[in-house]
Structures are given as structure tokens and as C-alpha cells.
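The values are calculated or read from the model by the stated rules, or taken from the named source; none is laboratory data. Here the structure is a predicted model, which is why all the values come from computation and not from measurement. Quick reminder, even Gly has a Cβ in these numbers, built from the backbone with ideal geometry, and neighbours come from all protein chains shown. Please note that ligands, DNA and RNA were not included when accessible areas were found on the heavy atoms of the full protein model with its side chains. Shrake-Rupley method; radii C 1.70, N 1.55, O 1.52, S 1.80 Å.
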Amino acid sequence: MSIRPPDMNPGADAALEPAAPPRRTPAKSLWGRALQRFAGDRAAMAGLFIVAVFFVIAVGVWLGWWGTQWSQTGAGQWLGPSTEHWFGTTILGQDIFQRAIFSTRTAFEIGLVVALASTVLGALFGALSGYFAQTFIDGVILWIKGVLDSIPFYLFVAAVAFALKGNPWAMHIAMIATFWTTTARLVRGEVIKLKNLEFVEAARALGLHPLVIIVRHIVPNTFHILLVQATIVFVAAIKSEVILSFLGLGIADGVSWGLMIAESTTEVMAGHYMNFIVASSFLFVLVMGFNLFSDGLQDALDPKRASR
Amino acid sequence: MSRPLLEVRSLSKHFPVRAGLFSRTRAVLRAVDQVSFSLQPGQTFGLVGESGCGKSTLGRAILRLHEPTSGSVRLDGRELTTLDSRQLKAARKDMQIIFQDPYAALSPRRTVARILREPLDLHRIGAPASRDRRVAELLDVVGLSIDARHRYPHEFSGGQRQRIGIARALAVEPRLIVADEAVSALDVSVQSQVLNLMADLQREFGVAFLFIAHDLAVVQHVSHHVGVMYLGQLVETSSVERIYSMPAHPYTRALLDAVPAPDPGRRADRLVLEGEVPSPIDPPDGCAFHTRCPRAMPVCRRLEPRTIDIGTNEQHLVRCHLHDPGVESA
Amino acid sequence: MSIVQNNDSPLLSVENLSVDFSTEAGCVRAVDDVSFQVRPGQTLGIVGESGCGKSVTSLAIMGLLPHPAGRIAAGAVRLRLDGPDSVDLAGLPERRMRRLRGAELSMIFQEPMTALNPVFTVGSQMVDILARHERLSRRQARDRAIEMLARVGIPLPQKRIDEYPHELSGGMRQRVMIAMALSCRPGLLIADEPTTALDVTTQAQVLEQIVELQREMGMAVILITHDLGVIAETCDEALVMYCGRVVEQAPVDALFRAPRHRYTQGLIEAIPRIRRRRLERLPVIPGMVPDLSALPPGCRFSARCGHASDRCRAEQPALESHGASRVACFHPADPT
């Protein structure tokens, strides 16, 4: 078939006259529009700022710029805040400030690893489950999800930690194994909606393989859900770590806010609050900031406003 | 008479209606029931009917987007219903579909260029290096400028998106395009542009259309032959001239009467059908239309009508006891 | 009961109405300086394509603009109540507007499934309205509701009244909506694309119903649609809107026999209609409806008009009388 433009209505090309630019130009791509909306949301920007500050702190620790003396003991027990030890010392004479700073890196590590892995798993299983809804594949995945959901979280983590005794990733694995289910459930619902839309039918009519359709056409339209879920899981992971550390199932080497809070239970009895206050405050501010960021992200990515 | 491009024989598509905790099949929804018709190459067959009549399901069953329950579909002599998945994928090059909703028909997060390249890459059309040029040619053919390539679907109007959908369907050089209510969601002034485009493409490339619509005026404009559907069955089939000037089935007559004409002279002096369309899960006995037919006879309640050819120099098929010489019209 | 007796003076008078919307692209004027009147017993059609502002106009009249995105920027909407006094709906507080809605003016929408609450029976929704506006007891309200359902042609109304919206077909749901809208006998009914979502045979039934009810109750009807066929069949007079402005207003006979504005002409010619013989190509209005946030100066149709002059591109034409019609055009078509 040789393609030569047929005798078209001369006016038809006027169909694509770009209109004169409107007063405030909305960005072209869907992401660009979302970015504009996000930038206009003050609470969201505040959240982003807080998260960014903490992120910089974490990177600095990782690169060895600060927080390196978190484990150094011997400075003198329970010293108050001073120029040498900004927040004072713990029962072992460790600098509280250094420990809090180092814990930022721990928090981000846990948060990022768990968020990334559980989002990927959730997207994968959710998409398969949704596209093949009401079939055997869906049945199997739903069954696995159901089983995992019905095991109480901390029991499950304890079991995994015990089974993987000594493995530094035990806690991460336990968290990933439970957090992916929520993402999968949300993705499944969205995919069930998407697969009935005409552009998916068009892809089938072309002859595309179902897996190609899922990866190329369907999953990209769930990114708004995945992004928001990832931030929620990040926060959940950090918070869970606090309790796990409290239960002694937390990280093995290094320090985290959870560990600091756990240690401080005895100290608080003796009237020394700095450890507890500092760790809780850092945790609180980061979680708060992340929540604002996450809410802002959700509003900005709302697809009902993102298209058309 | 050359061989038809598309031959549909006794095609049926049934959906089981599940109910109850253990998914026992309670009843069967006969969405498409023993439909037969043919389409000549380079022509347009208009499939018309109201919502729930099964026309969209029929279009998809022909393309095997729904798997037919029974019956045969031959495209260019080749039986489609028995192809395996590899053969089916190859056959898809010959038949494509364009949809009603221009807002849902294009992947929201892909650029136009990628949307149009996908069929070319999938079916390996032309050398890879030439495919970008081919995308530009396709855009030109449907009347869009070449800058459209790097834009996203949401930046275009409904009519423009429909053009992109048509370009996507054309990319594989199909012999048959199923147009499922392709202009129903468009504004009137854009509708006529897109209809003219489709006519041009048919003239230029010889592509045949199965034009599914509920708008009788549009169907008259684009079709060579027309089939009228009611509750999953084809009740009347003929050339467009005969259907519109000498409708034989009472339902066709009622449909034609019901269309509001932009002519103030003709007001409310027409036959308005009583009643509602029955549920396709529980269709009436005998002729499916008898509950609303102004000319129903006692036999219509008991017996399903046969398909009779009442045409003289051309085929005019009707499923109606009124035209069946073997039935006493008492 | 609010059917006004004096049939000469207008029931509704829209004067220089303008409606603004704030969007991502800034402030957009969806309705620009629109004026028209409706008399009791008259059916006025408002016709136009998507984005022309016809629905927004009706929402503005009813006080149902989305808040805070939409607002009436200018103009008045005068509704005549019992007697010679009229009230300007544009400035009314919501509290007062609520008392008028349903009782004096009513609206029906395109999608009956979303306009009816799916978790309540048909009856409970109707009785609710009647009890509130007409202060009837529940027993009396129920009887009146059954009567109304029968009036709109629903068979076995005493059974249907206890059914849920999803148990009814599209045509029936639309009729229920009409019954609800008319149950308090308002003087004005606004019908926004009431039959667009229905099949053509059902559409014919519902339109017939509306026309009959109007005759019986003597109310005024504003019928909004993009379908010129519906206008021809049901309306006395029609307004054609384009990009938020009225471009032509005429009695329906004059509008179809001798359309003056080039857009109206193009629209009438471009509609596929059942003809005696087929056309090779459909006449087309070239180009596209401009984006409301980026309108050209001068006449908004000038870019697509085959008769546009420099004056058209620079200046906006005002509505002027040409015989029985009013047209906003510097070069309207000849009546011959």
C-alpha cells in the first residue's frame, strides 16, 4: 500500500492549528502538570523540604562526612548538652547527636530498600492478578496475599528474624514480605479498571502478547498509585523498625532511632530524657514531613485532574 | 461477483450468567445469536441497532477479541475461528478496530509516535529505519501535522484523537476495519470531517469497513449494505437504498421513524414504539420483537421467524413472519 | 403551585449573563454576555456543540455552578414568581435558591443513572421532594408520586415506586427523573440533553412525554441539546451558541428554513440526515472549535468562516435583528 495523501478537505489541516498560548501555560506532559500542581501546594513543598534535608544528612553519613563517631564510648555518662556534645551523651557515654545523625542513614536505608522492593513486587503481582482476574493465576496470588495478610505482622517478623538468624537483612525481608500486599491490592483494582479500556483492547487487536500489554500499557498507568504507595511504605517501614528494635528484633549493627528509644527506656527511669527526646523528635519530624510530601504527591498525581 | 472479503455464518456469542456462591451458571446471555452476513472488499457494511442489540459484541467476536461460541468467520476465504495464537497474530494484520471513546482509545502515557510505531514494530512492517518515516506518512494521511508525533493524547481534541486511532488501525495495512461507533462521541462538525476521511481512505486504499452505529443517518451516509440487529439477531439485511426506502421489518420501520429530523415540518406524526427492549437474558418466546411489534400476529408469539429473501434483483433478507409465504397471516 | 397566569410577559429573563471558570490555564469565560427570554408555555431550545456554554448557562440559572471554580461574573437571571414581581436568581443566597428549586424551577440531566441516588427507592426520592416543598403528609406525598409516575407513562406505578434505580431501564429512569422534576409543578423546566443517552426509540417516547406534559401544565421548557433534529421536533424557538456567545436566535421554522449565521448554516448542512439519495461527501465546517482560554479577537467563528472579512477578525459582532431572527454576524446569509 503506497501512502500518498488523498485529496483532503483543505480545512482539515486547520484541525491542528496550535492555538495562541493561554495566559498561564500548563505544562505539556502529565508529569509536568503534576509537578506544577505540586509546586503550588505549600504543605507539600514544606514536606519535600524536610525530606530533602534528612536525605542530605543520610547521604552525608553514608559518605562519611559526619555521624562517624556514633559508637564511640567513654565520653562520660549522661553529660548534658554542651558544645562538644550537642545533645549530650548516653549511658555509655556515646554522643547522642552523632547517634541520631547516623540513625538517619539507617532509616533511609530501611525505608528505601523496603519501599522499592515491596513496590516492585506489589506492582508485579498486582498487575498479573488484575489482568488475569477471576482465573487461576489471580486465585493463587490472592490466596498468597490472604495468607500473608492474616499473619500478625510482628509474629511474622519474629519468625523470619528467627529463621534468618544473624542475617542483617532479616528485618528487611520480613517487612517486604508483608508490605507488598497492600500495593498489590491497589494495583489489582486499578488494573481491572484499566484492562477494560479501549486502548488495551486496541493492543490486543494488534496482536500484542498479554505480558507485553501489561508491562508496556497497563503498569505505566498505575505509576501514580505506585509512587504514593512507595512513600507510605517508606514511613511504615521506619515506624515498624522502631517497634522491632524495641522488641530486640531490629538491626544488628549500627544504630537507629528505634534502638535509641529502646535504650532510653531505662535511662528515662533514671531521669535522663535527652536520648529519648532526640530520637523521637527526629523520627517525628521525618514522618511528618514525609506524610505531607506523600499527601501532596497524591493530590498532584490525581489522574482525574491530570488528563484532559 | 467477486469473493466476499468477510463471510460470517451463523456466528453466536453466548455469555454465561453466573449467580450464587459457587458460580453455578444460571442462564445464558445470547449476545449474538446465529448471525450471518457478508462484506465485499472495499465496501462498507453498516450494522445498526440500539443498545444491547449485540452489535459491538458481534464486531469484537469477528476479530476474536471475544471468542465466538459457535459459527464461522472467513476473512478472504480463511477461517478465523480455528486459527492458533501464532496464526491469529499474523491474521491481525488484516483486520483492525477503531473505537467509540477517543479519550480511552489511546494509551495516556505514550506519545503519538510510540503509539503508531508499535504496530509497525510488532508486525515488522518495512525496515526499522523506515518506520519513523512511515509514522509521519500515516499522520499525513489522516490529516494531522507531523508535530503531533511527540505529543501526548491528552493534548488533542476528540476528533484529532479519533484520527490518531484511525492512523493506528491503518498502520498494519488492514483489509478490514471494524468501526465501533467511531463517530458517535464526536461533535457534529467534527463527525462529518472524520466520516469524509473514512470515505477517502476507502477510496484510496480499498479498505472495507464494518461500521457499527446506532445513528441511522450516519449509517445511511457511509454504508453500501446495512444489517439491522435486535436482541442479538439480524432481523433485516440489504443494500442501503432498499433498507432506507423499502424497510420490510417493522423494527426497521420504527427505527427510521424515530429519528428526529432537522426539519420542523415533520412533527410527531409518526409511529412511536411502545414498551421497552426485553432483557437479552430472558428473551421473549417466538419472535424476539413481538412484544413491541405493532403488527404482531399470534404465530409471532410461538414461532421464531425464518430468514426470507424478499429481494428481486438483489438480496433483501428479512426475519419476519409477515414476509414468510409459508406462514398464514391470520 | 406556581403557574403564572399572565402569558405575555416572560417567565424567565436572562440579561447579559456571563459566567467565569478558574482553570489551570487561568480564568476562562465560559458564557459571555448571553441574553434571552422564555414565556410560559413556550419551549426554547439551546443548541451548540461541546464547549459552547449551553450547559453552563443552565447550571448558572439553577444556581448549580461548581463552587468555587465557577461563578456568575455579570448579568441577571430574573424569574417571575406569582404576580408581577421577579427575583434575580444570580444574586440569591443559597438558602432562598433551595426553596425555589423544585418548586418554581426544575432541571433534568443527561445521565439518569447518576442523577438518581442508587441506594434509595424511586418512591422515597420523590416523596422527599414533595414533602419538603408542598408540605404534604407522607401518605399524600406517596399518592401524588404515584400519580406523577402514571402521568409520565410508567406502567404499574404503584409497583415501580418501590423499586431502585438500577432495576429500571434507561428510558424509565429518565421518566422518573421527569416525574420528580415536575412533581411540584414548577413554572420552568430545564432539560439538559435529556435524551442523548437514550436509544432512538426511547428518545422518541421521552420527548413526546415532555411535549405532552408541557401542554398539560402550561410550563416553560428550556431544552438543551446538540441534536438539531430534537430542536426541530420539539421547540418553538431556538438559540444557537458558539464559544460562549449566542450567534443566532430565531423561531424554529425560520432557523431551519433560512439560517442566517454561517455557523448555523454549516451545522445544519453538516448533520448527517436520512436523505432520499446519498451524498458523496458530507459538507464540513473546516477547522476546530477554538480553545476558550485562547480566543481570537473579533468574531469567534471567523477562523472557520468562508465569508470572514477583516472586520470580522477584529471586531465582535453584536446580536442584531434580521426579520424574525437575531444574528451576531457582519455578513449574515440572505433569507432567499
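Numbers at a glance
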item: Segment C:123-172 - Debye-derived log10 I(q)/I(0), Cα point model, q = 0.32 Å⁻¹; result: -1.24
item: Accessible area in square angstrom per residue, segment B:123-200, 1.4 angstrom probe; result: 29
item: Straight-distance crosslink candidates among lysines, where the alpha carbon sits under 19 Å from B:Lys13 and sequence neighbours closer than 8 are dropped; result: B:Lys55
item: Reachable lysines, given that their alpha-carbon falls under 18 Å from the alpha-carbon of A:Lys193 and they are not under 8 places away in the same chain; result: A:Lys304
item: Gyration tensor verdict on segment A:36-184 (Cα atoms; rounded if a/c is under 1.5, prolate if a/b is larger than b/c, oblate otherwise); result: oblate
item: With Cα atoms, 0 to 90° folded angle of helix A:170-194 axis to chain A main axis; result: 20
item: Order by protection proxy (mean Cβ within 10 Å, highest first), peptides C:308-320, B:105-117, A:239-251; result: B:105-117, A:239-251, C:308-320
item: Within the protein assembly as shown, percent of DSSP bridges classed antiparallel, to nearest 5; result: 65
item: Probe 1.4 Å, all protein chains present, accessible-area order of B:Arg134, B:Arg74, largest first; result: B:Arg74, B:Arg134
item: For the pair B and A, total buried accessible area rounded to nearest 100 Å², probe 1.4 Å; result: 3900
item: Prolate/oblate/rounded label for segment A:205-278 (Cα gyration tensor, a/c 1.5); result: prolate
item: Folded to 0 to 90 degrees: helix B:188-205 orientation relative to chain B principal axis, Cα; result: 80
item: Accessible area of segment C:78-181 divided out per residue, in Å², using a probe of 1.4 angstrom; result: 51
item: Simple spin-label estimate for B:Arg203 and A:Asn196 in nanometres, 7 Å along Cα-Cβ; result: 4.1
item: Degrees, to the nearest 10: A:42-62 long Cα axis against longest axis of chain A; result: 60
item: Reduced Cα scattering model of the protein assembly as shown, Debye log10 I(q)/I(0), q = 0.04, 0.09 Å⁻¹; result: -0.26, -1.13
item: Packing-based ranking, highest mean first, of C:290-302, A:62-74 given that Cβ atoms within 10 Å are counted; result: C:290-302, A:62-74
item: Complex-versus-alone comparison for segment A:197-231, residues with a loss of 40 Å² or more in accessible area, probe 1.4 Å; result: A:Glu198, A:Phe199, A:Glu201, A:Ala202, A:Arg204, A:Ala205, A:Leu206, A:Gly207, A:Arg216, A:His217, A:Asn221
item: Euclidean distance of C-alpha centroids, segment B:279-300 and segment C:58-115, integer Å; result: 45
item: Average beta carbon contacts from partner chains per residue of C:194-204, 10 Å cutoff; result: 6
item: Rounded to 5, percent antiparallel among DSSP beta bridges of chain B; result: 60
item: Rg/Rh (Cα only; Kirkwood hydrodynamic radius) as it applies to chain C; result: 0.98
item: Between segment C:194-211 and segment B:103-174, the alpha-carbon center distance in angstrom; result: 38
item: C:Asp162 paired with A:Gln69, simple spin-label distance in nm, labels 7 Å along Cα-to-beta-carbon; result: 8.3
item: Total accessible area lost when B and C pair, probe 1.4 Å, Å² to nearest 100; result: 3700
item: Alpha carbon convex hull of chain B, projected area averaged over orientations, nm²; result: 20.3
item: Shape category assigned to chain A from the gyration tensor of Cα positions, a/c cut at 1.5; result: oblate
item: Highest average packing first - C:235-247, C:71-83, B:31-43, Cβ atoms within 10 Å; result: C:235-247, B:31-43, C:71-83
item: Centre separation in Å (Cα based) which lies between segment A:116-162 and segment A:36-59; result: 31
item: Reachable lysines, given that their alpha-carbon falls under 26 Å from the alpha-carbon of A:Lys239 and they are not under 8 places away in the same chain; result: A:Lys145, A:Lys165
item: Rounded percent of accessible protein surface that carbon and sulfur make up, chain B, 1.4 Å probe; result: 48
